[in-house]
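Let me begin by presenting the structure, written as structure tokens, before commenting on it.
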Amino acid sequence: MKTVKAPAGVEGPGFFATSFDEVIGIARANSLWPLPFATSCCGIEFMATMGSHYDFGRFGAERLSFSPRQADVLMVMGTIAKKMAPVLRQVYEQMAEPRWVMAVGACASSGGIFDTYSVLQGIDEIIPVDVYVPGCPPRPEQIIDGFIQIQELVKSESLRRRETEEYKQLLAKYEIV
């Protein structure tokens, strides 16, 4: 059984003190609500991930959110046509901060085998991506590993990161206000 390592802090009889960032990070990481944006075969693999054999809920993602305003993690799975790009971007913009993005599979990451005029060659052309999950389609274990990487990112992220100049420049690069 793997247990969570306690954050650095001061321990004593009957108390434990740490930084507010560490506590909020642990709470956020273990209560993420993903929004699955599935368009093709990677979505089927994600459905297997939600099944009892893999039990995605044990990572704090029991409740899938199909409303962008209630979601924390946008999981883009499958081929994204250029006609679908404005819709995906609108979903991303409707999500509240803090928000994270996971590109699942070769098609969402790089366009996959579809090097055509109508397929977006990676969602990072329209929205920033935090974690890429390789595979065509990726196995449920890979999707879980990608989600664990998102959790690690959330745990280590400062509460003020989203207010930094670097983050504002990243959003400006994508023309996101």
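Residues of segment 26-41 include at least one that is in a strand (DSSP E or B), among the aliphatic types (A, V, I, L, M), more than 19 Å from Gly135 (Cα to Cα) and touching a helix residue (DSSP H, G or I) at 6+ places or on another chain (Cβ under 9 Å). Can you tell me which condition Met84 does not meet? The list is (1) without any contact (Cβ under 8 Å) to a residue 24 or more places away in the chain; (2) closer than 20 Å to Ile176 by Cβ, and all the others hold. Going through the list (1) without any contact (Cβ under 8 Å) to a residue 24 or more places away in the chain; (2) closer than 20 Å to Ile176 by Cβ, Met84 breaks only (1). Of all the criteria given as (1) under 17 Å from the mean Cα position of the chain (by Cα); (2) surrounded by fewer than 21 Cβ atoms within 10 Å (Cβ to Cβ); (3) not in a helix (DSSP H, G or I), the one not satisfied by Arg89 is (3). Considering segment 119-177, the residues that are among the β-branched types (Val, Ile, Thr) and part of a helix (DSSP H, G or I) include one that is farthest from Pro34 (Cα to Cα), namely Ile123.
Considering only residues in segment 43-69 that are among the hydrophobic types (A, V, I, L, M, F, W, C) and over 15 Å from the mean Cα position of the chain (by Cα), the one that is farthest from Ile144 (Cα to Cα) turns out to be Ile44.
Quick one: which of Val101, Val154, Val119, Val177 is at pLDDT 95 or above and among the β-branched types (Val, Ile, Thr)?
So the residue among Val101, Val154, Val119, Val177 that is at pLDDT 95 or above and among the β-branched types (Val, Ile, Thr) is Val101.
One line per residue, one yes/no per condition, for (1) without any contact (Cβ under 8 Å) to a residue 40 or more places away in the chain; (2) among the β-branched types (Val, Ile, Thr); (3) surrounded by 13 or more Cβ atoms within 10 Å (Cβ to Cβ):
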| residue | (1), (2), (3) |
| --- | --- |
| Ile113 | yes, yes, no |
| Glu141 | no, no, no |
| Gly146 | no, no, yes |
| Gln151 | no, no, yes |
| Glu163 | yes, no, no |
| Tyr167 | yes, no, yes |
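Let's see how each residue does on (1) crowded, with 16+ Cβ neighbours inside 10 Å; (2) closer than 18 Å to Glu141 by Cα:
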residue: Ala17; (1), (2): no, no
residue: Leu35; (1), (2): yes, no
residue: Ala38; (1), (2): yes, yes
residue: Glu45; (1), (2): yes, yes
residue: Ala48; (1), (2): no, yes
residue: Phe59; (1), (2): yes, yes
residue: Asp72; (1), (2): yes, no
residue: Met77; (1), (2): yes, yes
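The values are calculated or read from the model by the stated rules, or taken from the named source; none is laboratory data. As the structure is a computational prediction, the values presented were derived from the model and not from experiment. Using ideal geometry, Cβ is built from the backbone for each residue, glycine included, and neighbour counts are taken over all protein chains shown.
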